[in-house]
1. In region 71-88, which residues are farther than 12 Å from residue 53 by Cβ, over 10 Å from the mean Cα position of the chain (by Cα), in a strand (DSSP E or B) and touching a residue at least 60 places away in the same chain (Cβ under 8 Å)?
2. Being within 27 Å of residue 115 (Cβ to Cβ) and modelled with pLDDT under 85 is the requirement here; does residue 44 meet it?
3. Give the residues of region 48-66 that are free of Cβ contacts under 8 Å to residues at least 12 places away in the same chain and within 18 Å of residue 83 (Cα to Cα), sorted by residue number.
4. Being surrounded by 13 or more Cβ atoms within 10 Å (Cβ to Cβ) and closer than 21 Å to residue 106 by Cβ is the filter here; which residues of region 52-73 pass it?
5. Do you know which residues across region 36-51 are within 12 Å of the chain's Cα centre (by Cα) and surrounded by 14 or more Cβ atoms within 10 Å (Cβ to Cβ)?
6. With the structure loaded, tell me whether residue 99 is surrounded by fewer than 17 Cβ atoms within 10 Å (Cβ to Cβ), without any contact (Cβ under 8 Å) to a residue 24 or more places away in the chain and in contact with a helix residue (DSSP H, G or I) (Cβ under 6 Å, 6 or more places away or on another chain) or whether it fails that test.
7. Just checking, does region 27-34 include any residue being in a loop (DSSP other than H, G, I, E, B) and surrounded by fewer than 17 Cβ atoms within 10 Å (Cβ to Cβ)?
8. So residue 15 clears everything in (1) out of contact with any helix residue (DSSP H, G or I) (no Cβ under 9 Å at 6 or more places or on another chain); (2) buried (at least 17 other Cβ atoms within 10 Å of the Cβ); (3) farther than 23 Å from residue 97 by Cβ except one condition, right? Which one?
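The values are calculated or read from the model by the stated rules, or taken from the named source; none is laboratory data. Since we're looking at a predicted model, the values are computed, not measured. Here the Cβ positions follow ideal geometry from the backbone for every residue, glycine too, while neighbour counts run over all protein chains shown.
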């Protein structure tokens, strides 16, 4: 498991969560979720094709139907650079039922398809160099 560090994350989380009491993120929590996202991305995309992918990290929130009001949670928006993850934004907003969400996945569908097709071709034609 690689060690992901994001410059300015601790300061951004402190300023965003200064008056909140629930559904808060810690930098360790963000890094844990990003490591899982990174492993998934490595399965479907080459490292060179991951540049520019944007991920929204938050606290998983499942709200009961009887809950009155709108629950708010902390969100951290990061973008994959050539070698590191960069912090784009940190804010509080209406909670969603997810840990992480890829914001611009439609831009990367072609690369995912090409990698999957290459793997399938290797299974069908193992002797041919692709």
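1. Residues satisfying the conditions are 74, 87.
2. Criteria met by residue 44.
3. 48
4. 53, 54, 55, 56, 57, 58 - these are the residues of region 52-73 that are surrounded by 13 or more Cβ atoms within 10 Å (Cβ to Cβ) and closer than 21 Å to residue 106 by Cβ.
5. Once the filter is applied, which keeps residues that are within 12 Å of the chain's Cα centre (by Cα) and surrounded by 14 or more Cβ atoms within 10 Å (Cβ to Cβ), region 36-51 yields 37, 38, 41, 50.
6. Details: surrounded by fewer than 17 Cβ atoms within 10 Å (Cβ to Cβ): yes; without any contact (Cβ under 8 Å) to a residue 24 or more places away in the chain: no; in contact with a helix residue (DSSP H, G or I) (Cβ under 6 Å, 6 or more places away or on another chain): yes.
The answer is no for residue 99.
7. no
8. (2)
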